Every structure is written in structure tokens, then in C-alpha cells.
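S.K.: Mind looking over this structure? Questions follow.
The numbers here are math on the coordinates, done by the rules we state, and not lab data. Keep in mind that this is a model prediction, so the values were computed, not measured. In this analysis, Cβ positions are derived from the backbone assuming ideal geometry, glycine residues included, and neighbour counts consider all displayed protein chains.
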Amino acid sequence: MPQSEHHAAVSQLLAENVHGLVLYARQWDAANAEDLVQEAFLRLLTESPFPDSPRAWLFRVVRNLAIDHARREKYRTRYKSIGSWFEPNTNDDANHIDLTEALEQLPPDVREIIISKVWGNLNFREIAELTGRPISSVHYDYWQGIRQLRVLFGERDEG
């Protein structure tokens with residue numbers, strides 16, 4: 001891919017995916033999520049050859065960067081909490097608070113799948129590759145997580 005096409009593709013990916021990637025990174029490292037996403041995009045600019053599935057590649061790199069950074073931070077400050085992966089809400093939007101609390105109640109692997117699917121727009125195959133899990137497990141955990149969220153929001157469980 002010529003350099004100008006490479007840069008244009010990265011610019012488009014940035015515009016379409018930055019918010020989902022930042023939210024995804026906050027699961028592990030809320031304070032540095034934007035920096036981790038920026039690092040992933042910088043790596044994509046120099047990646048050769050350009051990945052076949054650049055969006056999935058970005059999610060994998062953000063995941064690895066966030067996990068590595070969180071591990072290093074945990075090691076440095078054993079007794080300090082990494083913090084909430086959702087930014088605090090400053091506009092008294094009750095739905096945002098409810099969603100944050102509901103997502104935090106899910107198991108981390110289920111939360112990762114839901115965020116990847118809903119906010120990251122990854123398909124189940126891409127999520128399976130990202131997490132290193134069978135696609136059937138990813139699909140099952142996604143629907144179980146959605147079911148849990150519905151219950152937490154007071155909707156009837158349809159079953």
C-alpha cells in the first residue's frame with residue numbers, strides 16, 4: 001500500500017474507532033487509555049505490511065498495551081487502585097452512572113467482549129482472535145452478559 005493510502009486509511013480508522021478503543025482500554029488503565037490508543041495508532045502507521053483487518057489489529061494492540069501497562073503499574077504501586085475504567089460522569093446523567101455500575105458488575109472477560117462488540121464494532125470472529133478464545137465461547141459469553149445487563153436494568157429475562 002503506498003504511503004499516502006496508508007496514512008489515509010489510518011486517519012479514517014482513527015476517526016471511526018478512537019472512542020471505542022479508548023473505552024476498551026479503560027478496562028485495564030483508565031488514566032492512560034488515550035495514550036495507549038495513540039501508541040497503537042502510531043504503531044499502525046509504521047506497520048508493514050498493513051494488517052488485513054486493521055480494526056481488529058488495533059484492538060489487539062490496545063489490549064496488549066493496556067494489559068502490559070496495568071501490570072507494570074500494579075507492580076509499582078501494589079496498594080494503589082488503578083481506578084475506574086469509565087470516566088466519572090460530571091453531568092448527572094443517571095443512565096451513564098447506571099451503565100457504568102452495570103458494566104463493572106460483569107466478569108472482566110464478559111465486559112471485554114461486550115465492549116468490543118457494542119462500542120468497538122468487532123464481530124465475534126475478531127473478538128475470538130483478540131481474546132484467544134473459541135468463537136462459540138465468545139458468542140455465549142456475549143449473550144450471557146447482555147442477559148445480565150438486562151436483569152440489572154430491571155428488564156424481564158426472555159430466556
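S.K.: Going highest first, how would you order 55-64, 118-127, 103-112 by mean Cβ packing within 10 Å?
M.R.: Result, highest mean first: 55-64, 118-127, 103-112.
S.K.: For every other residue with a beta carbon closer than 10 angstrom to the beta carbon of ASN121, add +1 if it is Lys or Arg and -1 if Asp or Glu, then tell me the sum.
M.R.: 0
S.K.: Output ³J(HN,Hα) for the range 144-155: one whole-Hz value per residue in order, computed from phi by the Karplus curve 6.51 cos²θ - 1.76 cosθ + 1.60 with θ = phi - 60°, and x for Gly and Pro.
M.R.: So the J values, rounded to whole Hz, are 5, x, 4, 4, 4, 5, 4, 5, 4, 8, x, 7.
S.K.: Among 42-53, 24-35, how do they line up by average Cβ neighbours within 10 Å per residue, starting with the highest?
M.R.: Ranked by mean Cβ neighbours within 10 Å, highest first: 24-35, 42-53.
S.K.: Divide, for the range 103-159, the radius of gyration over alpha carbons by 2.2 N^0.38 Å, where N is the residue count.
M.R.: 1.09
S.K.: For THR46 and SER4, what does the FRET efficiency come to when R0 = 22 Å and r is the distance between their Cβ atoms, rounded to the nearest 0.05?
M.R.: Approximately 0.90, to the nearest 0.05.
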